[in-house]
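Chemist: Encoded as structure tokens, here's the structure I'll be asking about.
The values are calculated or read from the model by the stated rules, or taken from the named source; none is laboratory data. Quick caveat, the model's predicted, so the values are computed rather than measured. FYI the Cβ positions are ideal-geometry reconstructions off the backbone, even for glycines, and counts take in every protein chain you see. Quick note on the areas: whole protein, heavy atoms, side chains included, nothing else; ligands and nucleic acids left out. Shrake-Rupley method; radii C 1.70, N 1.55, O 1.52, S 1.80 Å.
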Amino acid sequence: MDIYSEITNRIIAEMELGTIPWQKPWVASGSCISYATGKPYSLLNQMLLGRPGEYLTFKQCQQAGGRIRKGEKAQMVVFWKWIEEKDPDTEEVKQIPFLRYYNVFHIDQCEGLRAKHTKPLPQTANADTNADTIIADYLAREGVKLNHEAGDRAFYRPSTDSITLPTLNQFTATAEYYSTAFHELTHSTGHSKRLNRLEKTAFFGSEAYSKEELIAEIGAAALVNVAGLETAKSFRNTTAYIQNWLSVLKNDKRFIVSVSGKAEKAVNLILNH
């Protein structure tokens, strides 16, 4: 059986049933979040705060019915505030940026309050020996680096030839963790020193970028199947992901067929066939 044709045909059959909503397979972790809004702080403030979790000001703590523990020290976060200033000569009003700061406390420094926006980690995905062997063999053979970080991103970076994944306990299911890992592994096969598939001019939402996402997801679907981890839910989420990127390509299902051969080459490299 041609596994790539089989998976491609099954994906198309699923899509014929209608639009399927894609669900992110992991729970975000590792961000510094505003207790008041639930939104993550800017990258600069993430670096200033350092420790993940929810933060609030002294006043916000009081208003929420809590209090700061005695002896706790605040940390600084910064923001730009725009102030209008009129030019005395031209009467023109200009917007002048001023860098401001305020002090915040981690939710753990407060008494009488609990985190509002931090989701508990699923901790429902488990390590799989077969899948781990596939990954370890490929990484060792090709010299690709794999990093796990508590966060909200999974990506392959060609400049460092490295993959970054959320931690295993952030994933909702075993198949979803390995599908994500195999997706990034497939991207790494496109490096110039391997299959030389990645286009430097590709940008998010472009046709080249979209095609690469299709290749990576079909490759991931094949590898999850080879590892014996595929579930109905994981396959449906794969279909949803592919469906999203096909919308960029005007929902032309021929693109799936055209990239299937490239996905096959990528998987064969990962499996050392």
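Chemist: I'd like to check something: does the range 36-43 contain any residue that is surrounded by fewer than 11 Cβ atoms within 10 Å (Cβ to Cβ), of a type in the set (Ser, Thr, Tyr) and modelled with pLDDT under 90?
Modeler: no
Chemist: Out of the residues in the range 187-210 that are of a type in the set (Lys, Arg) and under 18 Å from residue 145 (Cα atoms), state the one that is most open to solvent (accessible area, probe 1.4 Å).
Modeler: Checking each candidate, the answer is 193.
Chemist: Can you name every residue in the range 253-270 that is under 13 Å from residue 3 (Cα atoms) and among the hydroxyl-bearing types (Ser, Thr, Tyr)?
Modeler: The one that is under 13 Å from residue 3 (Cα atoms) and among the hydroxyl-bearing types (Ser, Thr, Tyr): 260.
Chemist: From 5, 42, 29, grab the single residue that is within 21 Å of the chain's Cα centre (by Cα) and either under 30 Å from residue 221 (Cβ atoms) or of a type in the set (Val, Ile, Thr) (or both).
Modeler: The unique qualifying residue is 29.
Chemist: For the range 49-72, indicate whether the set of residues that are modelled with pLDDT under 90, under 22 Å from residue 151 (Cβ atoms) and basic (Lys, Arg) is non-empty.
Modeler: Within the range 49-72, one or more residues are modelled with pLDDT under 90, under 22 Å from residue 151 (Cβ atoms) and basic (Lys, Arg).
Chemist: Out of all the residues in the range 217-266, which are of a type in the set (A, V, I, L, M, F, W, C) and either at positive phi or open to solvent by 40 Å² or more (accessible area, probe 1.4 Å) (or both)?
Modeler: The answer is 226, 232, 248, 257.
Chemist: Wholly within the range 1-97, which helices (runs of 4 or more DSSP H) include no fewer than the required count, namely at least 1 residues that are of a type in the set (Gly, Ala, Ser)?
Modeler: It comes to 3-15.
Chemist: What pairs come up if the first residue lies in the range 134-150 and is in contact (Cβ under 8 Å) with a residue 40 or more places away in the chain and over 12 Å from residue 181 (Cα atoms), the second is in a strand (DSSP E or B) and among the β-branched types (Val, Ile, Thr), and their beta carbons are under 9 Å apart, counting only those six or more places apart or on different chains?
Modeler: Once the first residue is in contact (Cβ under 8 Å) with a residue 40 or more places away in the chain and over 12 Å from residue 181 (Cα atoms) and sits in the range 134-150, its partners that are in a strand (DSSP E or B) and among the β-branched types (Val, Ile, Thr) give 144/163; 149/164.
Chemist: Still on this model: Could we say that residue 139 is aliphatic (A, V, I, L, M), open to solvent by less than 70 Å² (accessible area, probe 1.4 Å) and either closer than 25 Å to residue 32 by Cβ or in a helix (DSSP H, G or I) (or both) here?
Modeler: Against the criterion (aliphatic (A, V, I, L, M), open to solvent by less than 70 Å² (accessible area, probe 1.4 Å) and either closer than 25 Å to residue 32 by Cβ or in a helix (DSSP H, G or I) (or both)), residue 139 qualifies.
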